[in-house]
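Read through the structure below, which is laid out as structure tokens, and then see the notes.
Please treat every number below as a calculation from the coordinates, not as lab data. Nothing here was measured: the structure is a model prediction, and the numbers come from that model.
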């Protein structure tokens with residue numbers, strides 16, 4: 001319990017930086033290593049750390065389970081939606097060149113949106129899996 | 001929009017799965033599932049029509065050339081598998097409504113349908129893709145969702161069955177990836193067609209043979225080829241009825257598709273069958289499957305398990321046709337893929353209807369059900385006759401092709417074995433029929449009532465198809481023959 | 001590399017340290033991957049293998065048991081299977097082109113993503129470009145796999161709201 | 001360091017890969033503990049990464065991020081494939097572990113032999 005104070009404060013201090021780092025990894029993926037998947041894992045790890053220190057109920061208030069559940073399909077929906085959208089714009093499925101007038105620009109946009117979809121699904125799935133495991137008491 | 005059909009074939013069930021997951025209520029999710037699977041069926045039938053009239057369809061996802069990106073490729077064989085898979089899914093949709101409601105807790109039904117649609121997505125994705133690694137990804141989509149579907153069975157043994165399937169399925173998939181890795185390192189491409197072309201230049205070097213070995217073993221695990229079938233009986237026996245219907249009729253069939261695709265299109269039949277002892281090995285294993293699994297099926301008291309073992313035996317017939325590797329033999333194998341899908345779909349639907357009434361499919365509990373559920377039990381008998389191969393049913397067509405094929409290559413003993421093996425089928429189907437029609441109703445059977453229409457119609461649709469295509473086989477066998485000709489004619 | 005391998009052997013013994021060892025193993029693997037110039041993969045392996053998997057394993061062990069009992073049956077069959085697999089792999093692998101060569105089939109005949117990526121997509125990290133665009137469909141499949149796993153874990157582990165889902169004959 | 005290794009034995013990498021694969025596969029088949037089996041399975045899958053990544057490396061090359069200072073890069077495509085494979089691996093592991101948790105609740109054991117015994121009883 002005494003240690004708790006330190007842990008709580010540190011966690012609160014660290015959490016914004018972890019999320020910031022996740023965002024950096026997400027957006028810097030075009031130029032350096034990183035991308036939606038890695039960023040999603042880091043962000044989820046940040047939230048899970050919060051949950052470990054402050055307890056499951058506090059985390060669920062912070063990130064409600066219902067929202068997490070809805071976010072999992074949403075990420076895939078964004079991804080596949082980009083595919084369909086490029087199809088409606090006259091290209092093939094997932095052909096980002098047709099998203100903008102300039103094909104290269106379209107590609108950049110496409111990859112960006114797709115990575116966003118990956119990020120959403122990955123981070124929310126990780127949190128959901130954490131909820132599922134943690135919500136289960138010790139067996140028997 | 002018509003030129004986008006190949007990708008829509010896979011995307012429609014995927015979107016369905018997403019919407020079903022978002023809806024989270026049983027009713028809407030069932031509607032979404034039904035709509036998505038019927039649209040998928042319509043698309044696959046259209047694709048089949050396009051292929052038959054206009055030849056092979058190639059669709060470049062993302063607009064990239066196949067050497068850069070991923071290609072979807074539909075030929076007669078893959079279109080046939082697409083129609084089978086989406087057809088079974090569509091026909092099972094009305095059946096699922098009551099069955100799932102009685103077997104799955106209400107708060108999980110929406111997710112059950114999500115998984116069901118994901119399994120459909122994965123299976124269609126494997127059958128349509130022209131890319132080795134993409135096939136792996138969709139293989140995993142279908143596998144993971146099947147594990148979850150199986151684990152939802154009412155019996156706790158369903159959990160263990162799902163776990164065992166997960167272990168063996170993942171080993172199989174990893175073997176497959178290893179094999180693809182070898183192919184990729186030697187050819188520098190992942191496109192199945194391009195691999196086939198480039199392999200012609202490097203044939204019979206050691207990495208290629210290793211790739212062949214690993215891909216064959218990996219897919220054999222998935223298609224439950226005889227010694228690698230251990231996961232199948234329990235998985236089918238303890239899964240929820242709807243999952244059993246769908247998976248038994250489609251999952252192994254798609255693995256067979258991939259198997260044939262690799263042997264004939266990628267490695268080339270000349271290379272595989274002329275220079276390596278694969279033919280002999282495959283024939284021995286197939287015959288062992290037919291007799292071994294058939295014999296085990298006789299001694300099962302759980303009817304669901306009995307028919308699961310029967311599936312292993314029936315897969316033996318299919319691989320036998322593939323191993324003969326002549327036009328007639330391959331046609332027999334492919335036509336049996338379809339026929340067995342129809343038969344097993346009808347059989348497991350009948351058992352699903354029984355499960356609604358008596359909860360377990362123990363043969364003692366089925367006794368006398370013929371009086372209480374005459375329509376369901378008649379469907380069971382019709383499909384059972386198809387399993388035996390009685391003239392006038394689809395089973396006869398498949399066996400006819402196989403027997404003719406064995407005579408053509410001069411293996412009369414193989415023909416004798418095929419006929420003899422039917423006796424095993426007679427015994428176990430006979431056991432069920434005897435119990436159902438000629439015995440006094442058991443205690444539980446007395447309270448049973450006829451299945452609801454939503455189950456009877458799909459069941460009889462499939463049972464009727466086994467008779468219809470048994471009498472007029474031009475459609476199925478004709479398409480199968482075209483597929484076989486295309487596979488054999490493809491350049492090694 | 002060697003260290004990773006030896007740890008793999010140590011792990012063949014039992015206990016709950018296995019989970020921690022697995023984490024260490026993943027970190028080493030990530031190190032090797034960096035040496036092989038696969039920075040993106042290394043980053044993912046470090047976060048997934050060493051992070052997520054280890055946490056999941058520890059969580060499972062907390063929910064179940066931490067001791068492994070001695071296997072009862074003989075190890076002959078598994079040894080045989082593993083041995084045959086290993087032999088087949090060595091046989092195939094030894095005929096592959098030597099490590100680090102530039103003019104192998106993979107390098108020569110493979111697609112020239114490096115040259116075209118910036119021109120066509122404007123993205124200098126070619127791994128991201130291939131992942132997002134050229135083989136974007138694989139990535140969609142991959143995201144679907146995650147989605148499948150997430151829902152599947154839910155299905156299995158979420159407490160039912162109403163009656164308890166315990167069966168038995 | 002890798003340079004030294006590659007001079008010592010040109011297939012060193014691949015042999016280690018094979019060793020890891022076989023070790024993983026052995027754990028999966030031989031062990032009865034369900035968690036241990038899953039660890040073995042992960043090991044088996046992880047070793048495949050090296051099979052793909054090793055051939056992509058060119059000695060003297062660098063990571064596949066376009067930069068005017070470098071001319072030789074390792075091949076990016078295997079990296080992408082393996083990223084996907086990692087994700088598939090963790091998904092399988094998560095599902096497998098979830099199953100183990102449920103099995104433990106239903107049987108009170110995670111040893112395969114014990115579970116089979118308990119099913120024989122009834």
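Couple of notes before you dig in:
- Calculated P(r) of chain B - Cα pairs past 32 Å, %: 35
- Centroid-to-centroid separation of the range B:352-407 and the range A:1-67 [C-alpha atoms, Å]: 56
- Put simply, the convex hull of the Cα atoms in the protein assembly as shown casts, on average, a shadow of 35.2 nm².
- Cα point-scatterer Debye curve for the range B:1-146, base-10 log of I(q)/I(0) at q = 0.11, 0.15, 0.20 Å⁻¹: -0.40, -0.71, -1.14
- The DSSP beta bridges internal to the protein assembly as shown are antiparallel in roughly 90% of cases.
- Inter-centroid distance (Cα atoms) of the range B:437-492 relative to the range B:253-283, Å: 27
- Angle between chain A longest axis and helix A:65-88 axis [Cα atoms, degrees, rounded to 10]: 10
- The rule of thumb for compact globular proteins, 2.2 N^0.38 Å, goes into the C-alpha radius of gyration of the range B:85-233 1.22 times.
- Solvent-free Debye calculation, one equal scatterer per alpha-carbon of the range B:349-439: log10 I(q)/I(0) at 0.14, 0.24 Å⁻¹ equals -0.57, -1.12.
- Using alpha-carbon coordinates, inclination of helix B:132-151 to the longest axis of chain B, degrees: 10
- Mean separation of Cα contacts under 8 Å, 6 or more apart, over the residue count of the range B:73-219: relative contact order %: 21
- The long axis of helix B:303-324 is offset from the longest Cα principal axis of chain B by roughly 30 degrees.
- Using a cutoff of 8 angstrom between alpha carbon atoms and counting only pairs six or more residues apart, the relative contact order for chain B works out to 15 percent.
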